[in-house]
Amino acid sequence: MPSRELFDNNGYKEHYTKTFGYTITSLITSRGCPFKCDFCSQPVFGNTFRARSAKNIVDEMQSIIAFGYDRIWFADDCLTLNRDRILEICREITERGTEIEWECLSRVDTVDREVVENMSRLDA
Ligand code: SF4
């Protein structure tokens, strides 16, 4: 869990508010991706996928909310690589009433209608 209390959150938030009109911070739930897209920088995180638990991720989301951020950027290589895992994260977010907008990178063949609906809460 990052020690966000050691970081100048206000400076970061002021910059984003001036530039984009909202505040946002990153959260990494996993590293690695087994695909090999030519244009990708994925060797930064490697090919081996390893991930945090849904509970641990939502714990960090709630700490980010407590710091007053408006949004979270999931900085994973591909948040939706594991279908069961992304559905579990969405379930944990909903069950714990975690109210914050978020965005992520994905890959089109790793999502389907049910996953996207859960991610957007259209039908969650
Ligand atoms: S799916 Fe995404 S993270 Fe994985 S290799 Fe392709 S572009 Fe990179």
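Checked against the criterion of being assigned to a loop (DSSP other than H, G, I, E, B) and either at pLDDT 95 or above or surrounded by 14 or more Cβ atoms within 10 Å (Cβ to Cβ) (or both), the candidates Asp84, Asp76, Asp109 yield just one match: Asp76. Residue count for the range 46-65 under the criterion of being more than 16 Å from the ligand (Cβ to nearest atom), outside any helix (DSSP H, G or I) and of a type in the set (A, V, I, L, M): the result is 0. Just one of the numbered conditions (1) away from the ligand (no atom under 16 Å from the Cβ); (2) out of contact with any Ser or Thr (no Cβ under 6 Å at 6 or more places or on another chain); (3) more than 22 Å from Ser120 (Cβ to Cβ); (4) not hydroxyl-bearing (Ser, Thr, Tyr) is not true of Lys13: (2). Just one residue in the set Phe67, Phe35, Phe49 is touching a residue at least 60 places away in the same chain (Cβ under 8 Å), closer than 17 Å to Thr110 by Cβ and not hydroxyl-bearing (Ser, Thr, Tyr); that residue is Phe35. Residue pairs whose Cβ atoms lie under 9 Å apart, sitting 6 or more positions apart in sequence or on different chains, and linking a residue in the range 6-25 that is within 20 Å of Gln62 (Cα to Cα) to a partner that is of a type in the set (Val, Ile, Thr) and part of a helix (DSSP H, G or I), are Thr23/Thr17; Thr25/Ile64.
For the range 31-73, filtered to residues that are β-branched (Val, Ile, Thr) and buried (at least 18 other Cβ atoms within 10 Å of the Cβ), the residue that is farthest from the chain's Cα centre (by Cα) is Ile64. In the range 30-45, the qualifying residues are those that are polar (S, T, N, Q) and touching a Cys at 6+ places or on another chain (Cβ under 9 Å), and the one that is nearest to the ligand (Cβ to nearest atom) is Gln42. Screening the range 16-29 for residues that are within 16 Å of the ligand (Cβ to nearest atom) and part of a loop (DSSP other than H, G, I, E, B) and picking the one that is farthest from Arg91 (Cα to Cα) gives Ile28. Name the pairs whose Cβ atoms lie under 7 Å apart, with the first residue in the range 92-105 and within 20 Å of Arg31 (Cβ to Cβ), the second aliphatic (A, V, I, L, M) and away from the ligand (no atom under 16 Å from the Cβ), and 6 or more positions between them or separate chains? Pairs found: Glu92/Ala54; Glu92/Val58; Trp102/Ile72.
Being β-branched (Val, Ile, Thr), away from the ligand (no atom under 16 Å from the Cβ) and farther than 26 Å from Lys36 by Cβ, is that true of even one residue in the range 76-92? Break it down into steps so the answer makes sense when it comes.
As a first pass, look at the range 76-92 and keep what is β-branched (Val, Ile, Thr): 80, 86, 89.
This time we only want the ones that are away from the ligand (no atom under 16 Å from the Cβ), so: 89.
Filter again for farther than 26 Å from Lys36 by Cβ, leaving none.
No, that holds for no residue.
The values are calculated or read from the model by the stated rules, or taken from the named source; none is laboratory data. Computed from a predicted model, the values in this text were never measured in an experiment. Neighbour counts run over all protein chains shown; Cβ positions are idealised from the backbone, glycine included.
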